[in-house]
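The values are calculated or read from the model by the stated rules, or taken from the named source; none is laboratory data. Predicted model, so just to flag it, every value in this text is computed and none were measured. Cβ sites come from the backbone with ideal geometry, for glycine too, and all protein chains shown count toward neighbours.
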Amino acid sequence: MRLLAVGINHKTAPIEIRERVAFAPDRLPEALHDLRARSRVEEAAILSTCNRTELMCCVKDTTADEVVTWLGDYHRLRKDQVTPYIYLHPEQNAVRHMLRVASGLDSMILGEPQILGQIKTAYATAMQAGTVGTLLGRLFQHTFSVAKQVRTDTAIGSSPVSVAFAAVSLAKQIFDDLPQRTVMLIGAGETIELAARHLHENGIGRIIIANRTVEKAHALASNFNGYAIELSEIPAHLAEADIVISSTASPLPILGKGAVESAIKARKHRPMLMVDIAVPRDIETEVGELRDVYLYTVDDLQEIIQEGLKSRQEAAKQAEEIIDTQVTRFMGWMQSLDSVSTIRAYREQAERVRDEEIEKARRMLERGMPAAEVLQSLARGLTNKLTHTPSAQMKQAGFDGRNELLDAARELFDLKKHI
């Protein structure tokens, strides 16, 4: 069987196309069965995220064109609506692609860790659907192992490259006891959601989310065991917050110097980190003049982000070297599968010869022949029968001048050191 990766991602297709070929999670099992039935794919898994849709397949008699046609047909798209955005990766390129994706090297944000969890979910779904066999199963397990190695042996995920990640990294630098800290997040957009996710993963103690629409704040807070308040309630809760991260679309500042000053007094001057990543700014500039307040703006974070991006790019080079080695290792395993049937046939032949000679020896013993003589006969018979065919083939190869076969025989039977 051959490996084949077929996909569309943020580099090859606009969002209008990506959303049309996305698979709803609850329809993935049905889609996997349909893919195998209609395109004759042997094994399959589907990874579908906001940035990519990829089909990882093991094929025997199926062409890449059939898989691409199925993808279009399933989503009721003409082939010409899909083909311009498709990439195809056969065999070792498919392995390399999967390892790079899992390691965050093919992501919109270099080194982001979420994709590995999404790949694990895709694998679990395909396993439950019964569309993963020996080859894909081994590839997925190898992928998880390599992605872990990349994370462990390089700094691919340790430096911030997004505003939200940079803000959280700053908080970790200032407070080394996040589980004992409270954060107030102002806003409920994508950046705040990402910040909440990073903080939650780093074990933040409490999360308060303030937003103009409290229902939206509540929906976000419920994902992270936090609680929601309206913007008007901020002054009443501000003193609880050790960390404040704000990102709204408000044209005017939401937090003024007076409100923050009151909060600092109520906190008995315990330090407060405030990160304003909104444009226009949510927090008045004068807040930065207050003692015990550490105020950072989006411009302050850019330096952290650029340093982080440079660090990740250096780490990516190391990750590519790891992946090169691991692709070779996996392809070596795949190639070894071709020898399995030959080894099995050879062993079965040897076992038949063994059984025949043992039966012959048993009859000799029954006739009363001495055991030593029977053993000699058994050994001689096994040796003659096991070496007869290879000897005849090598003799013919020498007669025909097929020196490459003789060289292969020397290597196969480890004879070089004896010649």
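Give the residue that is surrounded by the most Cβ atoms within 10 Å (Cβ to Cβ), with candidates limited to residues of segment 172-209 that are charged (D, E, K, R) and not in a helix (DSSP H, G or I). Before you say what the answer is, go through the steps one by one.
Residues of segment 172-209 charged (D, E, K, R): 172, 176-177, 181, 190, 193, 197, 201, 206.
From the residues that got through so far, the ones that are not in a helix (DSSP H, G or I) too are 176-177, 181, 206.
Details: Asp176: 8, Asp177: 9, Arg181: 19, Arg206: 17.
Across segment 172-209, the extreme among qualifying residues is Arg181.
Applying the selection to segment 114-171, what residues are assigned to a loop (DSSP other than H, G, I, E, B) and more than 30 Å from Val340 (Cβ to Cβ)?
First, pick out the residues of segment 114-171 that are assigned to a loop (DSSP other than H, G, I, E, B): 130-133, 154-162.
Listed by number, the residues that qualify are Thr154, Ala155, Ile156, Gly157, Ser158, Ser159, Pro160, Val161, Ser162.
Please go through (1) surrounded by fewer than 19 Cβ atoms within 10 Å (Cβ to Cβ); (2) assigned to a strand (DSSP E or B); (3) β-branched (Val, Ile, Thr) for Ile17 and return the number of the only condition it doesn't satisfy.
Failing condition for Ile17: (2).
Can you spot a residue in segment 214-223 that is more than 21 Å from Ser169 (Cα to Cα) and outside any helix (DSSP H, G or I)?
Checking segment 214-223: not a single residue is more than 21 Å from Ser169 (Cα to Cα) and outside any helix (DSSP H, G or I).
So which of Arg291, Arg281 is surrounded by 14 or more Cβ atoms within 10 Å (Cβ to Cβ) and free of Cβ contacts under 8 Å to residues at least 60 places away in the same chain? Outline the logic, then answer.
Working: Arg291 fails: surrounded by 14 or more Cβ atoms within 10 Å (Cβ to Cβ).
Arg281 is the lone residue from the list that is surrounded by 14 or more Cβ atoms within 10 Å (Cβ to Cβ) and free of Cβ contacts under 8 Å to residues at least 60 places away in the same chain.
Considering each of Ala124, Ala94, Ala44 in turn, give the residue that is touching a strand residue (DSSP E or B) at 6+ places or on another chain (Cβ under 8 Å), of a type in the set (Gly, Ala, Ser), at pLDDT 95 or above and farther than 15 Å from Ile8 by Cα.
Ala44
Does Asp61 satisfy the criteria of being in a helix (DSSP H, G or I) and either assigned by TED's automatic domain parsing to the domain that holds Lys120 or exposed (fewer than 14 other Cβ atoms within 10 Å of the Cβ) (or both)? Spell out the reasoning first.
Values: in a helix (DSSP H, G or I): no; either assigned by TED's automatic domain parsing to the domain that holds Lys120 or exposed (fewer than 14 other Cβ atoms within 10 Å of the Cβ) (or both): yes.
So Asp61 fails the test.
Of the numbered conditions (1) in a helix (DSSP H, G or I); (2) touching a helix residue (DSSP H, G or I) at 6+ places or on another chain (Cβ under 6 Å); (3) within 22 Å of Pro84 (Cβ to Cβ), Thr12 satisfies every one except a single condition; which is it?
(1)
For Gln118, only one of the following conditions fails: (1) touching a residue at least 24 places away in the same chain (Cβ under 8 Å); (2) loosely packed, with under 15 Cβ neighbours inside 10 Å. What is its number?
For Gln118, the failing item is (2).
Name the residue that is nearest to the chain's Cα centre (by Cα), counting only residues in segment 124-162 that are more than 30 Å from Ile304 (Cβ to Cβ), of a type in the set (A, V, I, L, M) and surrounded by 16 or more Cβ atoms within 10 Å (Cβ to Cβ).
Only one residue tops the list, namely Leu139.
Pairs under 7 Å by beta carbon, first residue within 17 Å of Glu351 (Cβ to Cβ) and in contact (Cβ under 8 Å) with a residue 24 or more places away in the chain in segment 376-401, partner acidic (Asp, Glu) and in a helix (DSSP H, G or I), six or more apart or different chains?
Here the result reads Gly381/Glu357; Leu382/Glu357, each pair linking segment 376-401 to a residue that is acidic (Asp, Glu) and in a helix (DSSP H, G or I).
Just checking, which of Leu28, Leu47 is in the same structural domain as Ala102 (by TED's automatic domain parsing), assigned to a strand (DSSP E or B) and either under 22 Å from Gln128 (Cβ atoms) or touching a residue at least 12 places away in the same chain (Cβ under 8 Å) (or both)?
Working: Leu28 fails: assigned to a strand (DSSP E or B).
Exactly one of Leu28, Leu47 is in the same structural domain as Ala102 (by TED's automatic domain parsing), assigned to a strand (DSSP E or B) and either under 22 Å from Gln128 (Cβ atoms) or touching a residue at least 12 places away in the same chain (Cβ under 8 Å) (or both), namely Leu47.
Got a number for residues in segment 64-85 being among the hydrophobic types (A, V, I, L, M, F, W, C), free of Cβ contacts under 8 Å to residues at least 60 places away in the same chain and surrounded by 16 or more Cβ atoms within 10 Å (Cβ to Cβ)? Don't jump to the end; show me each part of the working.
Kept after step one, since they are among the hydrophobic types (A, V, I, L, M, F, W, C), are these residues of segment 64-85: 64, 67-68, 70-71, 77, 82.
From the residues that got through so far, the ones that are free of Cβ contacts under 8 Å to residues at least 60 places away in the same chain too are 70, 77.
Among the residues that remain, those that are also surrounded by 16 or more Cβ atoms within 10 Å (Cβ to Cβ) are: 70.
Final tally of qualifying residues: 1.
The rows are residues; the columns are (1) aliphatic (A, V, I, L, M); (2) closer than 30 Å to Thr154 by Cβ.
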residue: Gly226; (1), (2): no, no
residue: Pro253; (1), (2): no, no
residue: Gly256; (1), (2): no, no
residue: Val260; (1), (2): yes, no
residue: Gly308; (1), (2): no, yes
residue: Asp324; (1), (2): no, yes
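Condition first: under 47 Å from the mean Cα position of the chain (by Cα) and among the aliphatic types (A, V, I, L, M). Now tell me which residues in segment 387-418 satisfy that.
Leu405, Leu406, Ala408, Ala409, Leu412, Leu415
Is it the case that some residue within segment 360-368 is exposed (fewer than 11 other Cβ atoms within 10 Å of the Cβ), at pLDDT below 85 and more than 30 Å from Gly104 (Cα to Cα)?
No, segment 360-368 contains no residue that is exposed (fewer than 11 other Cβ atoms within 10 Å of the Cβ), at pLDDT below 85 and more than 30 Å from Gly104 (Cα to Cα).
Here is a list: Ala371, Ala345, Ala392. Which entry is among the small types (Gly, Ala, Ser), exposed (fewer than 12 other Cβ atoms within 10 Å of the Cβ) and under 30 Å from Val59 (Cα atoms)?
Values: Ala371 fails: under 30 Å from Val59 (Cα atoms); Ala392 fails: under 30 Å from Val59 (Cα atoms).
After ruling out the rest, the residue left standing is Ala345.
Collect the residues in segment 322-349 that are at pLDDT below 85, more than 18 Å from Leu3 (Cα to Cα) and either touching a Ser or Thr at 6+ places or on another chain (Cβ under 7 Å) or charged (D, E, K, R) (or both), keeping them in residue-number order.
Result: Arg344, single match.
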